[in-house]
Every structure is written in C-alpha cells, then in structure tokens.
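The values are calculated or read from the model by the stated rules, or taken from the named source; none is laboratory data. Keep in mind that what you see is a predicted model, and the values were worked out from it rather than measured. FYI the Cβ positions are ideal-geometry reconstructions off the backbone, even for glycines, and counts take in every protein chain you see. Just so you know, the surface numbers come from the protein's heavy atoms only, side chains and all, with ligands and any DNA or RNA stripped out. Shrake-Rupley method; radii C 1.70, N 1.55, O 1.52, S 1.80 Å.
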Amino acid sequence: MDTESTYSGYSYYSGRSRGSHRHGERSRDHHKSRSKDGSRSEKSVTINAPPAEPLLGDSSVLGEEVQDDNWGETTTAVTGTSEHSLSQEDIVRITKDLEDSVGLDCRRYFSLTLAVVLGLLVFLTPLAFLALPHLLWPDKLLVCGTACEGLFISVAFKLLILLLAVWALFFRAPRAGLPRVFVFRALLAVLVLLFVVSYWLFYGVRILDSQDENYQGIVQYAVSLVDALLFIHYLAIVLLELRQLQPAFSVCVTRSTDGETRHYNLGQLSIQRAALAIIENYYRDFSVHNPALLTASKSRAAKHLAGLKVYNVDGPGNNAATGLAHSQSRAMIAAAARRRDTNHNELYYEEAEHERRVRKRKARLVVAVEEAFTHIKRMQEEEQKKAPGDVMDPREAAQAIFPSMARSLQKYLRTTRQQHCHSMESIQQHLAFCITNNMTPKAFLESYLNPGPTLQYGRERWLARQWTLVSEASVTSGLKEGAIFLLKCIDFSLVVTTKRIPYIQLSEEFIDPKSHKFVLRLQSETSV
Amino acid sequence: MSFIPGQPVTAVVQRIEIRKLRQGEHLILGFSIGGGIDQDPGQNPFSEDKSDKGIYVTRVTPEGPAEVAGLMMGDKVMQVNGWDMTMVTHDQARKRLTKKNEDVVRLLVASLLCNASPFVQTEFAI
C-alpha cells in the first residue's frame, strides 16, 4: 500500500546493529537534519544513514564538519541545484524500495503465522480437554448427566463468540504497516500463551496422569478456561481500542515547508500509532503540498546568499574548525546587516501586484463559468420524450461548455501556480460531476479557488506517499509531555510536538431563575 | 470629592449667588443639572469618583445668569439656599432650584477645576 508509514530499513538498522553508537549518531543526525531542512531547498535530502556518506549543502552554523580542502567549494554554492539532489533522491528511493520489499513482507508473514498458530492452539485446547478423556480412558469415565451436557452447550457458544471476537479484533486487514512491533499485542499474545500452557500443565499432571473419572469436573475446567479467555479478550479490547479514545494529549503538527499548522487531540498512544493517526488526519486536513508556491521565498534566500562570498585567507588547518566556522558566520551576518536592504520593498510591491492579478483573473473566471453554466439546462422526463434530438449526457454536456471557460480557468490556475494539480481530463470530469448533481457555478469553482486537502487530488499529485518516522525516543514508547518527533516525506516533513491536556476542575454555580431582576438606570439632565 | 459613608466630607467650595431671570412666566437660572441618588453615577462625565451620586452642573447657557455669576460646567452643587444637595434625588434637586417664590439662589459648589479659588473649606457631616 502506498500509505505505509514504514521503512523498516532505518529503524531496522538502528534496532539491529551498532547499538549505542548508533543511538548517539541518530540523535545528532536528527538534530542536523532539522536545522538543515529549515535552511535549504526541499529538493535536497538528508539521510539519517551511516555517517560515511558525505553531507550536502551549506555549512551548518553548528560548525560540526571537519575542515577539509573541499569545504570552501560547497559553502558558497547556492543550494538546491537540481543535479545533485535529484540523483541523491533517486538513490534513496531505490534503496528504500529494495529494503521495503524484502524486510517488510518477511515480518508481516511471520507475525501472521504466529498469530494463526496461537489462535488455533487457543481454540482447540478446550475441545482437546473435553475429547481426551473419552479417547484415553472411556470405560472409567462417569456418565455425563444433564448438568454436564448443559455445560457442553455453554462451551460451544462461548467458543463461537470467542472465535468471532478474536477474528474481529486481531485478524482484520491492517490499515498500515508500522515500523516496530505493536507492544500491546505482543504482550497479550505472551499472556495468552502462558495462560494456555499453565492450563495444559495442570491438566496434564492432575487429570491425564491420574485419569480422573469425574467428567463433569473436567467439563467445568474446560468452561473455566474459555471464560478466562473471554476475559483476556475483554482486556485486549480495553488495551487496544478503548484506552486511546479518551483524549489525553494535544499534538501540534506543523508542515516544515509552509508552516501550515493543525492541532489534534489524541489519547494515550505509542509514538508510532500516534504518527499513524496524524498521517491519516494529514490527508484530510492539510491543503495539498504545492512546491511551486515556495519558489519566491527560495529565490529571495538565494539572493541573500549570492550577495556574500566568504573566503578563507588564512588557509586550512590554521584555526580550530569550530572557531573558523563561527567567525565566518559572524562575518556574514555582520556584512548582511550593514548592507542597505531594500528587499522588503520589492516583496511588498510584488505581493500587492500578485494579489491584484489574482483577483482580476478570478473575476474573469467567475463570470466565464457563470455564463457557461447558463447554456445548460436539465431536461425533465416528459420533455425528454418530446424532443429527442440534441440530448446529451453529462459528459458530453461538460465537453460542450468547457471550451468557453477553459482559457480563463487555465490562466487563473497559472497565476495561482496550481496548474500542475489539475489536468484537463480531471477538470472535465469534475464539471460533468457538478452538472449531474445540480451544482451551481460557485460550487464547481470551489475546488479551484481554494487548494483542498490532499485526498481531493489524484494519487500522482500527492507528493506525500512515503513516510519515515524520526524520533529520539523509542517509537513504541508512549506519548509524553514535550515529545517531539518528525514525519518525513521526500519533499517536506511534519514536525509534531506534544502537550498534555490540562486537568480541568469544573465547579458548579446555581442561579435561581427568579433572581433575574433589573432596574432602570437613568441619566437625565434638567435645565433650571 | 469621594465620600466614605459615615465620615464627614471635606471639599473645597465656593459660594455663588445667582439672580434668577424672568423669561415669560418662568424664572430661569441658565444651567442644567444632572445626577442624583436615583440616577446612574457611572455615566456622569464630570465626577472623579464614578460612584458619586451628587448633583453636577452639566451645561451652562452662555450669557445666562449662572454664567454671569461664575458657575462653570462640571461643578458639583453641594448646597442650595442651605438645603443639602449631596443626597437628593434628581427631582428634589430640580424642585429646590426652581422654587417660584425665590428670586435668588445661593449655591455652594465644589469645582473640578484647579483655578477655583478656595473661598471656604467646609465640612459636611452626612
């Protein structure tokens, strides 16, 4: 599935080899990646990967790089050059796909097999308890009376309910793949296994060895096992489903490229499940990521950098690396401050001009669409029989009126830089849809005037399909106050911060309905 | 000019004597009053303390007897002809000022403005 949030590759590696060294490395890389993503273009990629790979782009002001001969070259370059970043991106994509296909399938099938085996064991155990005495010592068994046979029915029905309940909770198709194992499920499986094993132990020692004749007692034992399994299932429901429903944390999700922010209330979840919930909400709430809207700020940033070049005249190896980086960055900042900056002026007039242009195009578009819609009229049933000629179905009607509005729509989309989000085919489909459902021109235009959520567009426009969870805390640990983690996509990332919902102390005040009384307050002026 | 109930009020006051003018069959003084214990003190623009329910001069007609006598807008009327004006209703105040058988009213006013010369410093016990 495309929306799988996993690349077991990264957390896989971190879990497996390298141990503590890896942990330190990860947090440093994570730190660096955050500072880098803020300053560079969205096309370049930071890899939370083995430090042997060279790091691209600007020198970070943390000054952590080792001074080397090529350092001067990369510092002054304008970031976001397409060749470098694209090729790096492709490599990343390919390696991710490879690891994905091998690692994930194995894990999934393995856990599925385990679950099925455990399920079978649990289901067949009571039946075995009931059947074994009949098979091993049939002659010694006491006859099963009415009460005992009544218990058979109860065992049968409880097993049926257990079967349905376990299927409903555990064996449905998963919506997503998570990087680490689901801790609660694993714990529950271990609990059930221990439980069943202990019952078998008791059965084996006390009943099989001594060949107990009291069949009613054996049946009651089997019934008690099924009851206990139902209670464990109840515990599973509470742990897996109910516990996270009560909101306990409020998370703030910010997109790193344009700062769009939303807040969600989540219950007590592990970080990976919280990430899953956030991604599902992302597709519904956040407007689609449009890289074309960010070009203006990037070009401004590029102009800033291009204005200053810093040369290292003392030669490499003279000062300590960190000291050099500090002094250079300080020199750049000082020079930038001294230079008389009229960029704000440009920005202001440019934005005002753009606003005006957008409004003009929008007015033309609205008028064109309204006019186009007046050419179409829905035919009633009786009229259809009377005038069979020139009758069109919605698609043909859409194709008929589309040319009159196509040009103004095209121009508007170009001005607002949305033209790559909509294809001609999709626009015509949408038009046919609106005509069929008696929508007004305004309703038709709504999806073009405001950028909608990501789900509204076709999959190829999402630019947000492969997610990586980057977190300093372990992803199976629960959400805590102040937890911060990142959900990285190739083009942008979502920064998530957590806050606890405060404890609310509500008190009551009773107001007697008869206590609402009023007086007239006058302010009169009398002349004397 | 705020007062604490039960304590004497200390104010800087001046005596103003106004001679009523005859206009038709009415005797007029040439100013308007506002305030009173039955009115809303919060809407009084002239009082310092917005819970002061005294009688204030809200308007003085130009060239009228009050202006000639030196009454200013915003003054608080403390006494009229010896009758107390700090704890009266609006209507009672009006009646005290417009008695038909009186030609002259002698007011004791406390002025907001600092240039009011302090003729008398009087203590009132409420």
So, with points 7 Å from each Cα along the Cβ direction, the B:Asn81-A:Ala331 label distance in nm works out to 9.5
Distance from region A:178-210 to region A:123-171 (C-alpha centre basis), Å: 18
Rounded to the nearest 0.05, what FRET efficiency do A:His375 and A:Arg185 have when you use their Cβ-Cβ distance and R0 = 51 Å? 0.30
Protein chains only, probe 1.4 Å: how do A:Glu355, A:Glu508 rank by accessible area, largest first? A:Glu508, A:Glu355
Counting only protein heavy atoms and using a 1.4 Å probe, what share of the accessible area of region A:166-277 belongs to carbon plus sulfur, as a whole percent? 63
Provide a list, ordered by number, of residues in region A:480-528 showing at least 10 Å² less accessible area with every protein chain present than when their chain is taken on its own, using a 1.4 Å probe. A:Arg521, A:Leu522, A:Gln523, A:Ser524, A:Glu525, A:Thr526, A:Ser527, A:Val528
Rounded to whole Å², per residue accessible area for region A:376-450 with a 1.4 Å probe reads 63
Two-site FRET efficiency, A:Ser297 against A:Leu230, from Cβ-Cβ distance with R₀ of 56 Å, rounded to 0.05: 0.40
Can you put B:Tyr56, A:Tyr199, A:Tyr349, A:Tyr503 in order of accessible area, largest first, using a 1.4 Å probe? A:Tyr503, A:Tyr349, A:Tyr199, B:Tyr56
Step through the residues of region A:284-291 one at a time and calculate ³J(HN,Hα) from phi using the Karplus curve (6.51 cos²θ - 1.76 cosθ + 1.60, θ = phi - 60°), rounding each to whole Hz and writing x for Gly and Pro. 8, 9, 7, 6, 4, 6, 10, x
Do any residues of region B:16-63 lose at least 50 Å² of accessible area when the full set of protein chains is present rather than just their chain alone, and if so which, with a 1.4 Å probe? B:Gln39, B:Asp40
Computed ³J(HN,Hα) along region A:155-172: with the Karplus parameters 6.51/-1.76/1.60, θ = phi - 60°, integer Hz and x for glycine or proline, the list is 4, 4, 5, 5, 5, 4, 4, 4, 4, 4, 5, 5, 4, 5, 8, 10, 10, 7
Am I reading the A/B interface right? What is its buried accessible area, both sides, 1.4 Å probe, to the nearest 100 Å²? 1200
Given chain B reduced to its alpha-carbon atoms as identical point scatterers, what log10 I(q)/I(0) does the Debye formula return at q = 0.10, 0.14, 0.22 Å⁻¹? -0.28, -0.56, -1.44
With all protein chains present, calculate the accessible area of B:Arg19 using a 1.4 Å probe and round the result to the nearest 10 Å². 150
With a cut-off of 14 Å, note down the residues of region A:451-467 whose backbone N falls inside the zone around a label point 7 Å from the Cα of A:Glu425 toward its beta carbon. A:458-461
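Over region B:1-102, what percent of the accessible surface lies on carbon and sulfur atoms, probe 1.4 Å?
Details: 2780 of 5380 Å².
Looking at region B:1-102 in its full context, I get 52 percent from C and S.
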At 1.4 Å probe size, with the rest of the protein present, what percent of the exposed accessible area of region A:389-528 is carbon and sulfur atoms? 55
With every protein chain present, what accessible area does A:His420 have (1.4 Å probe, heavy atoms only), rounded to the nearest 10 Å²? 70
Could you give me D for region A:381-528, from Stokes-Einstein at 37 °C and 0.692 mPa s, where the hydrodynamic radius is the Kirkwood radius over C-alpha pairs? Units µm² s⁻¹, please. 145
